[in-house]
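For reference, the structure discussed in these notes is given below.
The values are calculated or read from the model by the stated rules, or taken from the named source; none is laboratory data. Fair warning: this is a prediction, and the values are worked out from it, not measured in the lab. A quick note on method: Cβ atoms are made from the backbone with ideal geometry, for glycine too, and the neighbour counts reach across all protein chains shown. In case anyone asks, the SASA skips ligands and DNA or RNA and just uses the protein heavy atoms, side chains included. Shrake-Rupley method; radii C 1.70, N 1.55, O 1.52, S 1.80 Å.
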Number of protein chains: 4
Amino acid sequence: MVVIMEQGASESEIEAVINNLNAFGFDVHRSSGVNHTVLGAIGVKPGFDIRIIRVLDGVADVQRVTEPYKFASRAWKNEPSILEIGSARVGGTEVVIMAGPCAVESEEQINITAAHVASHGATFLRGGAFKPRTSPYSFQGMGEAGLRLLRAAADRYGLGVITEVTDVTKVDLVYSYTDVFQVGARNMQNFGLLKVLGRKDKAVLLKRGLSATIEEWLMAAEYIMSQGNPHIILCERGIRTFETYTRNTLDLSAVPVIKRKSHLPIIVDPSHGTGLRNKVTPMARAAVAAGADGIMVEVHPDPAAAKSDGPQSLYFEQFAELVRQIRDIARAIGRDVPVAQATPSDA
Amino acid sequence: MVVIMEQGASESEIEAVINNLNAFGFDVHRSSGVNHTVLGAIGVKPGFDIRIIRVLDGVADVQRVTEPYKFASRAWKNEPSILEIGSARVGGTEVVIMAGPCAVESEEQINITAAHVASHGATFLRGGAFKPRTSPYSFQGMGEAGLRLLRAAADRYGLGVITEVTDVTKVDLVYSYTDVFQVGARNMQNFGLLKVLGRKDKAVLLKRGLSATIEEWLMAAEYIMSQGNPHIILCERGIRTFETYTRNTLDLSAVPVIKRKSHLPIIVDPSHGTGLRNKVTPMARAAVAAGADGIMVEVHPDPAAAKSDGPQSLYFEQFAELVRQIRDIARAIGRDVPVAQATPSDA
Amino acid sequence: MVVIMEQGASESEIEAVINNLNAFGFDVHRSSGVNHTVLGAIGVKPGFDIRIIRVLDGVADVQRVTEPYKFASRAWKNEPSILEIGSARVGGTEVVIMAGPCAVESEEQINITAAHVASHGATFLRGGAFKPRTSPYSFQGMGEAGLRLLRAAADRYGLGVITEVTDVTKVDLVYSYTDVFQVGARNMQNFGLLKVLGRKDKAVLLKRGLSATIEEWLMAAEYIMSQGNPHIILCERGIRTFETYTRNTLDLSAVPVIKRKSHLPIIVDPSHGTGLRNKVTPMARAAVAAGADGIMVEVHPDPAAAKSDGPQSLYFEQFAELVRQIRDIARAIGRDVPVAQATPSDA
Amino acid sequence: MVVIMEQGASESEIEAVINNLNAFGFDVHRSSGVNHTVLGAIGVKPGFDIRIIRVLDGVADVQRVTEPYKFASRAWKNEPSILEIGSARVGGTEVVIMAGPCAVESEEQINITAAHVASHGATFLRGGAFKPRTSPYSFQGMGEAGLRLLRAAADRYGLGVITEVTDVTKVDLVYSYTDVFQVGARNMQNFGLLKVLGRKDKAVLLKRGLSATIEEWLMAAEYIMSQGNPHIILCERGIRTFETYTRNTLDLSAVPVIKRKSHLPIIVDPSHGTGLRNKVTPMARAAVAAGADGIMVEVHPDPAAAKSDGPQSLYFEQFAELVRQIRDIARAIGRDVPVAQATPSDA
């Protein structure tokens, strides 16, 4: 931590700050310039609230030297983390595709979707069984019956399962069906949930909150990792800005930023990021071009009849075309999209 | 719902939209202008996703006619709701003061604070026992022991209790100690928690999420109200913007907006809104001048030693001066701050 | 400037940074901790782009020690600047009222408005003659004829004139009619205009840009001051955020922030900040309660017929009531609104 | 325009609104549902302020049916505009590269850069002669001498010139040297400048303002087009959000949005959008993948010594690699980057 004293700070103010820092266990280096005295406070105190020093008399500003997170940082681990989940490798040269409907609605719907996405190179089947909805009057998901259908469909076509857990009370239930826990944007700082997931041995896909800075996002990952679970996938899905034409503003520059600050893999969800189908394909392409480790997209056999988020779900043929395009883009930057793992049952 | 067709939309496109609306149970009025056909869809379908119509061919735009919330709206109840909680009346002419430390730390700390705030006109004692913290390495609260101390201190000085519930698993525990459940900004869209609180008979103070629009905030209130609990107090505490000098940007214009759109009382928390002590007093004054039904402020007997949020906590004498100022401002606009209820034990 | 080297930065990287800083004329203090080396660069280089150092190898972060502005800072002048303009004193204990229509439309309109606002304590008459409008198809102002009417009306009722200058080519023309130049939010970083105004001897009211940080705003003031003109009034008028219910989000916390960082007076414009008439009065009250040195409001004898911004203009009786309320609030915090200077001609 | 009356609006309120609309020249269709009366106002009044109707008694909401811009819209021209400027075609299948230093600094600097970028497929040379800088103490550009060097270097290597015009007083000067006028983000709503450029016969590259919505951006284009100049290139360069790690948040979803709402070409500037060199290449790739018609990047022979924006300027070899990558990505989506036009003089 670096403490910058105000121009004209008195000697007694400077000493009071030094005493304060010592009391918190910091060693202090003092450096006096022409106009300002600067204090370097040495020592790592994770979670220390720097405002405690900022409000002292004579202090102009306080800056942290180290990142507030540890396990999520490049300082902790300098090569990319690669997560091996079933046959997929997330975070390596492979560009991973997670696809499926917003919500599981029926056995037929999830099976036909699983067959289609598997036949085009997806390695994970997504689908919600518990849906957090802005309105209490909207469809809230099939619950455990949905999880059962999702698991069965994924198994039939050799896919991994990713599904959202909305609540601490549902962690064990979801655990028994999924390969990857999804934590939604609204739950990114549901610290009780993060801690419980930190004691599980399955991977967590952590979506960025609508108004979360990159630092807060990595701090949320730190909550999970600090409990012992290092298997985290970050997922950019759009932040809230003043622009209203798109539902959110997909922040693709988060991809190179995360790659520099952390070893964790990062994927992009262009469906929630844009909220409208005809923006999904260009933004998925852009995500891969920016260096994302994968994409998560909503696909539905009949988007017009979908019980939730139909307007942002791709038609089957749009999904197939999307995969063709991103495979070419991945190659242009030395990466690859896996080839189909299953015999296409719907082609 | 009003559907605006594109200039040049074909007759078959228009008919397809009408059929679609009929299928969802809407009656449709058609109105053709020189350039545009406009369809009025009559019928109330709470939670209907208007993007379903927006993505149809030939549709230029779709606008909702009714607010997506019902119980929280002025259309449902056109006079202000007044909540009677103990001796306090929230939402009437009274300007309510909720005060206390960020976190309960010890019996002495909470007792001395309760005595002080009661002697200056506060009617609620606040204090956290379960603290949601950005860092896993920060103080997380005293838990039930803290609740017990909080209740005892409030009872001794004739105050109501308000404290945060962070999780569905803690609702029953908090219920047995508190008068008002506080739902924090990060939990504003924790829908599972909102539903459980909607089935309780105690009031809920619902903080606005950092990136929540006013409409989403009222929808969160609707989640609680739709389960049967009408006792809601809204609390503005700052939204996230590009400005970084203050922790958040306190959006005081939310006060007159809420007063127009809803019958629910609204109070303002200037401590979290600004994050620095010397901004709390001017912004608390501004909140009352803008028409807020109360304020919630952090007060601590020794802010420099506080275990959390010390830098934004007021000193005792600052709190006393703050109350004097807002009492004068309340009178200037025809309202009042209650006089002290207890014999000042610290004056 | 403080340079924080990465953990594990090599000795040659550290030396390269030191050489670089020396080449730019900084003296460097080196301080080595357990994990990090910190370099203090001493010397004031206004306008130095710290990213030059940030991109060097081995650098983790760079922080400025001094504010990037000089004349606008408290370090330069530690007591509040008070501007004496005609009979008004801006920045003292007086709460100044600037009022008038959005645009000058006719002799009758501006005269009747001037009479009304003067009779209630306003000391400045505002009114636009050159209107920057979002649409090229909107009314663009009366031009010089408007300036002439504005000046005459103000003189008749003992008011000062404040009016907007939109362009370097209009500075001399506006100079001959106004007492205070208004620089609009969209022109806050029109640096050519700022420089020309910096060489004039009349005060400048500088509105905050829609997406300007407080620091950028003070830098814009610095542009004017660095040319020799110290007579600046800052004006908060709302920033752009994700909330769409109000036109902009009025950032009242800017008032205490500016009071701490600068000696310049600050007033608030609640008309543009909210964009709707029924929000103007509560937000004007809140501005005064927060400590603003004045308010600027739009008033029109017939808002429904106004050629621009009618929906946010106050009716005459609303303005009179507004002044009554803010006078009481000003007194509650030890300030005052001047009494009427002119014989009310319309009462 | 569609006017939605409040539930329970009285007949006299409805009639007052109809009369008001008629007075402004609208034809009104009335449609009464169970709860609401909806009025369709037919007639095109560009620049009409819908708040005039919104503030009338009994009105719940007002929505525009038509876009507020005309010449910039797809309704006006439904195929993409292709601008032919010298040998370049902007807006067709070609992905155009505009490259060069932030500021022209010397004859050698601009010549060597022109040679390099031309040899890799750039068709425009960029370079500032008048620099709008946040600080009055920063380098402000070489002025006309810079324009002369820029033109000469571009001519030598067969490139077009694009350079910024900061002020109405400089339009004629810049006109005599440039092929494309650049309007910077801070000037996007400098309406006086836009109008003057609207009467010229050279193309205008219009950067999006930091806090401009897409609609406001198109309205700024409309200002130019309404004066007779249809040759507009839009340029996304990042918007201001709460995220501070990058200088701005590059909003790539603006690319597909603009493609749908307008016929104008759109390019992307990843240098200003991100502010740091190592983010430029991934974001340039992403821009092309999203469907942009070109990119504008800063390149400098010696970024560490650049007089402005060195930290975001690419090294020569980085630029060469960037072009290789985006050429492959362009092909993956059926477009192309032109091959080098000049004999490389520096290879």
Point to revise | In Å², nearest 10: area of B:H272 left accessible to a 1.4 Å probe | key: 30
Check your understanding: Once you put a point 7 Å from the Cα of A:F24 and another 7 Å from the Cα of D:T244, both along the Cβ direction, what distance in nm separates them?
Key -> 1.7
**Study point:** Other copies of A:D172: label-to-label distances in nm, shortest first, labels 7 Å along the beta-carbon direction
**Key:** 1.5, 8.4, 8.5
Exercise for review: Run down the lysines and flag those whose C-alpha is under 17 Å from the C-alpha of D:K77, throwing out any fewer than 8 positions away in its chain.
Suggested key: D:K259, D:K261
**Study point:** the range A:231-278: projected area of the alpha-carbon convex hull, averaged over directions, in nm²
**Key:** 3.7
Check your understanding: Rounded to whole Å and sorted largest first, what semi-axes of the equivalent ellipsoid does the C-alpha gyration tensor of the protein assembly as shown yield via the square root of 5 times each eigenvalue?
Key -> 42, 40, 37
Exercise for review: Grab every C-alpha pair in the range D:67-117, bin the distances at 5 angstrom width from 0 up to the longest one, and report whole percents.
Suggested key: 4, 16, 15, 13, 15, 13, 8, 8, 7, 1
**Study point:** Viscosity 0.890 mPa s, temperature 25 °C, Stokes-Einstein D of the range C:242-347 from Kirkwood C-alpha radius, µm²/s
**Key:** 166
Study note, to complete from the structure: Checking the range D:64-147 for chymotrypsin sites (Phe, Trp or Tyr not before Pro) in a loop per DSSP with at most 15 other beta-carbon atoms within 10 Å yields D:W76
Review point. What does the charge dipole of chain A about its Cα centre add up to, to the nearest 20 debye, if the Cβ of each Lys and Arg holds +1 and the Cβ of each Asp and Glu holds -1?
Key: 280
Exercise for review: Grab the residue from chain A whose Cβ hugs the A-to-B rotation axis most tightly, plus its distance in whole angstrom.
Suggested key: A:S211, 2
Practice item. Quick one: grab the alpha carbon gyration tensor of the range B:283-342, order the square roots of its eigenvalues as a ≥ b ≥ c, and give me rounded if a/c is under 1.5, else prolate or oblate depending on whether a/b is larger than b/c. Key: prolate
Check your understanding: Which distances in nm, rounded to one decimal and ordered from shortest, link the label point of A:S106 to the equivalent label points in the other identical copies, with labels set 7 Å from Cα toward Cβ?
Key -> 6.6, 6.8, 7.5
Exercise for review: Give the span of the range B:124-179's Cα atoms along each principal axis, as three whole-Å numbers ordered largest to smallest.
Suggested key: 35, 20, 17
Exercise for review: Using just the alpha carbons, could you tell me how many Å³ per residue the convex hull of chain A encloses?
Suggested key: 155
Check your understanding: What nm value, rounded to one decimal, do you get for the distance between D:N35 and B:A340 when each label is placed 7 Å out toward the C-beta?
Key -> 5.0
Study note, to complete from the structure: Spelling it out for B:L314: with amide H atoms placed in the peptide plane at 1.01 Å from N, the residues 5 or more places away or on another chain with amide H under 5 Å from its amide H are B:E298, B:V299, B:H300
Review point. Roughly how many whole Å is it from the C-alpha centroid of the range A:116-137 to that of the range D:1-55?
Key: 42
Check your understanding: Taking each residue of C:184-194 in turn, how many C-beta atoms of other protein chains fall within 10 Å of its C-beta, and what is the average?
Key -> 5
Exercise for review: Report Rg(Cα)/(2.2 N^0.38 Å) for the range A:85-173, keeping two decimals.
Suggested key: 1.11
Review point. Assuming R0 = 45 Å, what is the FRET efficiency of A:R148 and B:A305, from their Cβ-Cβ distance, to the nearest 0.05?
Key: 0.25
**Study point:** Inter-copy spacing of D:K77 label points, which lie 7 Å from Cα along Cα→Cβ, given in nm from shortest upward
**Key:** 5.2, 5.3, 5.7
**Study point:** Semi-axes of the equivalent ellipsoid for the range A:159-207, Cα gyration tensor, largest first, Å
**Key:** 16, 12, 9
Point to revise | 222 nm mean residue ellipticity, helices alone, for the protein assembly as shown (DSSP H n ≥ 4; -39,500 (n - 2.57); rounded to 500) | key: -9500 deg cm²/dmol
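Using a Förster distance of 41 Å, how high is the FRET efficiency between B:R54 and A:Q227, based on the Cβ-Cβ distance and rounded to 0.05?
0.45
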Review point. In the range B:168-243, what is the volume of the convex hull around the alpha carbon atoms, normalised per residue and reported in Å³?
Key: 82
Revision key, fill the gap. Across the alpha-carbon set of the range B:1-146, Rg over Rh with Rh taken as the Kirkwood radius works out to 1.31
Review point. What average number of partner chain Cβ atoms lie no more than 10 Å from the Cβ of the residues making up D:165-175?
Key: 2
Point to revise | Solvent accessible area, Å² - C:E144, 1.4 Å probe, full protein context | key: 70
Check your understanding: Given a 1.4 Å probe and the protein chains all in place, what does the accessible area of D:I266 round to, in Å² to the nearest 10?
Key -> 0
Exercise for review: Pop out the ³J(HN,Hα) list for the range B:243-249 in order, Karplus 6.51 cos²θ - 1.76 cosθ + 1.60 with θ = phi - 60°, rounded to Hz; leave Gly and Pro as x.
Suggested key: 6, 10, 5, 9, 4, 9, 9
**Study point:** Reciprocal of mean inverse Cα separation for the range D:135-277 (Kirkwood radius, Å)
**Key:** 15.9
Review point. Within straight cross-link reach of A:K195, meaning Cα distance under 14 Å, which aspartates and glutamates are found once same-chain residues fewer than 8 apart are removed?
Key: A:D167, A:D172, A:E222, B:D167
Point to revise | FRET efficiency, 1/(1 + (r/R0)^6) with R0 51 Å, evaluated for B:Y315 and B:S176 via beta carbons | key: 0.95
Revision key, fill the gap. Charge dipole of the range D:270-341 built from unit charges on the beta carbon (Lys, Arg +1; Asp, Glu -1), centred at mean Cα; most positive-end Cα among D:P301, D:V323, D:A340 is D:V323
Check your understanding: Which far-off residues, 5 or more places away or on another chain, put their amide H under 5 Å from the one on C:A203, with H placed in the peptide plane?
Key -> C:F181
Check your understanding: What is the list of residues in the range A:125-161 whose amide nitrogen lies under 11 Å from a point 7 angstrom out from the Cα of A:T169, following Cα to Cβ?
Key -> none
